[in-house]
Amino acid sequence: MSRYYYFAATLPTLQLGAPAPMTSAEYLERARRHLEPAEYAALEAATLASAAEGPPPEASVDPLLGDYYAWERSVRNELVRLRAKRLGRAAEPHLRPAGRDEGAQAAAQRAFAAESPLEGELVLERERWARLEELAALKTFDFARLAAYRLELEILERIARLGAERGEVGYRETYAAILGQAQTSEETGVSR
């Protein structure tokens, strides 16, 4: 695996909960200038979701991607099992090839136990982040760290979108409540 001392050293630190310092597209544009073509293609293809059938081709470039995708499939399978149990249905038709990973099972259970679907999604993003940090530990200047960085940027972008959705939902609820109060005031003849 190639080492990318200069490129890795120029990347700003990412923090879960903080705004992303650049978009994934900007990161890929910077990476294009520094990576070998095969590694750049794998980095460009890397995504948070794994293929249903097994690891995508880019996972063969570095073990980090293969390990992450196996964990992701295990999380998704555990979510299928939990949802099927709640609905009284069989999970097997919906499971994808993956081993069972205790950490992935615990992550899925924490997401499933969340109070709302939005909170469940946020739990999943935190779990993904933690898994990537675990897999990329001690990999500072090689492709594995760059791949983890790409996926972490996607997590930050996804959290920002979920935050915007949460804001939109909050706005609509507040707006509906105000309209409801105004309508009630008109019907009762009460002025404020």
Residues within segment 139-192 that are at pLDDT 85 or above and among the aliphatic types (A, V, I, L, M), tallied: 11
Could you tell me whether segment 31-38 includes any residue that is modelled with pLDDT of 95 or more, in contact with a Leu (Cβ under 8 Å, 6 or more places away or on another chain) and part of a helix (DSSP H, G or I)? yes
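In this structure, does Arg89 turn out to be modelled with pLDDT under 95, outside any helix (DSSP H, G or I) and surrounded by 12 or more Cβ atoms within 10 Å (Cβ to Cβ)?
Here the answer is yes, as Arg89 does meet what is asked.
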Six or more apart or on different chains, Cβ under 8 Å: which pairs go from a residue in segment 113-139 that's on the phi > 0 side of the Ramachandran plot to one that's exposed (fewer than 13 other Cβ atoms within 10 Å of the Cβ) and of a type in the set (Val, Ile, Thr)? Could you list them? none
Taking Ala130, is it of a type in the set (Gly, Ala, Ser) and either surrounded by 15 or more Cβ atoms within 10 Å (Cβ to Cβ) or in a loop (DSSP other than H, G, I, E, B) (or both)? no
A careful count of residues in segment 5-30 that are surrounded by 12 or more Cβ atoms within 10 Å (Cβ to Cβ), without any contact (Cβ under 8 Å) to a residue 40 or more places away in the chain and part of a helix (DSSP H, G or I) gives 2
Between a residue in segment 144-156 that is surrounded by fewer than 22 Cβ atoms within 10 Å (Cβ to Cβ) and any residue that is aromatic (Phe, Trp, Tyr), which pairs come within a Cβ distance under 6 Å, given they are 6 or more apart or on different chains? Leu153/Tyr27; Ile155/Trp129
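The values are calculated or read from the model by the stated rules, or taken from the named source; none is laboratory data. A quick note: this is a predicted structure, and the numbers were derived from the prediction, not measured. We place every Cβ from the backbone using ideal geometry, glycine too, and count neighbours over all the protein chains shown.
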